[in-house]
Amino acid sequence: VAAAGGLARRGVMVQRLDAIETLAKVEQVFFDKTGTLTEDRLTYRGLVGSSGADPDQDRLMLERAAALATWSQHPASRALAEAVDHVQTPHAWHDVDEVPGAGLQALDAQGQQWRLGSWAWVHRVGKGMIDVASRGEADIWFGQPDSAPVGFLLDEVLRAGAEQAVRDLQRRGLHVTLLSGDSSVRAERMAARLGVDAVVSEADPETKLACIAAAQSRGVKVAMVGDGINDAPVLARADVSLAMGQGALVARAQADAVVMSSRPADIVAALDRAVHTVRIVRQNLAWSAIYNAACVPLAMVGALPPWAAGLGMACSSLLVVVNSARAGR
């Protein structure tokens with residue numbers, strides 16, 4: 001209880017007290033990438049599929065795509081819209097239509113169709129060929145009929161202290177695995193930025209469950225950190241689970257603890273406090289065993305008067321309570 005109070009003051013709300021003991025035994029930590037180690041926003045990084053010979057043309061394509069992106073609230077669209085501070089040439093779009101899971105399509109002032117979204121969505125109207133490596137690298141594409149589409153590179157924004165949190169966990173002897181639904185190119189790029197031990201890309205909920213189950217079958221105690229609706233099954237399956245405070249309600253309901261601050265550093269602090277708490281519990285148990293083993297026989301043979309036995313028991317209990325209070329500091 002003292003440890004849970006200390007964690008709550010730090011911003012980690014423990015929902016099941018027995019999870020503190022399990023957290024102290026964790027050997028491997030699985031992170032769902034988006035929303036835990038990264039924020040739910042993206043930043044613009046550059047173009048793919050451009051020759052680079054005409055910067056003005058590149059700027060024009062970026063402005064057109066950004067103008068179309070303002071019609072959507074998708075994180076990739078918001079990042080593209082924010083990439084242009086000042087529009088040199090106004091762009092008006094008509095008959096804008098957003099197709100869930102694909103992207104946007106619209107008509108320009110001349111009545112020509114343009115598309116913004118995934119490669120499969122945009123490539124249907126673009127006849128230009130882009131090499132396979134570039135297809136996997138770009139995050140969002142923009143094109144019109146009879147022309148080569150242009151790809152835009154977007155970077156995820158790491159949460160403050162995410163890299164340090166990964167290093168701190170590794171220094172404590174824990175293996176860190178990144179679970180991501182992204183392509184292998186993007187997932188491995190993010191893994192390299194974070195310095196994680198292993199990464200699983202294109203991971204759907206079933207794949208994540210299989211990863212957790214495989215580790216547990218080897219006798220490894222695992223912790224899962226997630227925030228989305230699709231993380232609920234793996235949060236429930238893990239030996240101990242933590243959900244980010246801004247995450248989905250179902251994820252928070254399944255987690256053993258909720259990191260209200262959403263700071264990766266507080267995950268490390270929770271693990272350290274759990275280890276410290278278990279150490280204090282063992283100290284209290286050892287003291288109680290030693291005290292009773294010494295005093296009970298003395299009381300039974302009459303060598304310990306009742307007042308001394310009562311005073312000793314009160315002092316022993318006080319010592320245990322004071323020692324336990326250290327877990328909350």
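The values are calculated or read from the model by the stated rules, or taken from the named source; none is laboratory data. Quick caveat, the model's predicted, so the values are computed rather than measured. Cβ: placed from backbone, ideal geometry, glycine included. Neighbour counts: every protein chain shown. The accessibility values were calculated without ligands, DNA or RNA, using every heavy atom of the protein model including side chains. Shrake-Rupley method; radii C 1.70, N 1.55, O 1.52, S 1.80 Å.
Summary of computed values
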item	result
Mean shadow area of the chain, taken as a quarter of the surface of its Cα convex hull (nm²)	21.2 nm²
Area projected by the alpha carbon convex hull of segment 132-269, averaged over all directions, nm²	9.8 nm²
Residue-count net charge about CYS211 - beta-carbon cut-off 12 Å; Lys, Arg +1, Asp, Glu -1	0
In Hz, Karplus ³J(HN,Hα) per residue of segment 235-249 (6.51, -1.76, 1.60; θ = phi - 60°; x = Gly, Pro)	5, 6, 7, 5, 4, 8, 9, 10, 10, 6, x, 8, x, 5, 4
Dipole magnitude (debye, nearest 20) for the chain, charges at Cβ of Lys, Arg, Asp, Glu	1780 debye
Derived scalar couplings ³J(HN,Hα) [segment 161-176; Karplus, 6.51 cos²θ - 1.76 cosθ + 1.60; whole Hz; x for Gly, Pro]	x, 5, 5, 5, 5, 5, 5, 5, 5, 5, 5, 8, x, 8, 8, 10
Highest-first arrangement of 310-318, 248-256, where packing means the average Cβ count within 10 Å	248-256, 310-318
Dipole of segment 144-238, positive end: most advanced residue of GLY219, ALA198, ASN230 [Cβ charges, Cα centre]	GLY219
Rounded to 5, the percent of DSSP beta bridges in the chain classed as antiparallel	55 percent
log10 of Debye I(q)/I(0), alpha-carbon scatterers only, for segment 253-329 at 0.22 Å⁻¹	-0.99
Accessible surface, per residue, of segment 181-327 when the full set of protein chains is kept, probe 1.4 Å, Å²	49 Å²
Accessible area of the chain belonging to carbon and sulfur atoms, whole % at 1.4 Å probe	56 percent
Residues with amide H under 5 Å from that of VAL199, placed H, sequence gap 5 or more	LEU178
Sites ARG167 and LYS25 - FRET efficiency at Förster radius 22 Å, r taken between beta-carbons, to 0.05	0.55
MRE, 222 nm, helices only [DSSP H, n ≥ 4, -39500 (n - 2.57), over the chain, to nearest 500]	-14000 deg cm²/dmol
Karplus-derived HN-Hα couplings along segment 262-269 (A = 6.51, B = -1.76, C = 1.60, θ = phi - 60°), whole Hz, x at Gly and Pro	6, 8, x, 4, 6, 5, 5, 4
Summed side-chain charge close to ALA265 - residues other than ALA265 whose Cβ falls under 14 Å, Lys, Arg +1, Asp, Glu -1	+3
Mean projection area, nm², convex hull over Cα of segment 196-329	11.6 nm²
Anchor LYS221: aspartates and glutamates whose Cα lies under 14 Å away (excluding residues fewer than 8 positions away in-chain)	GLU21, GLU27, ASP239
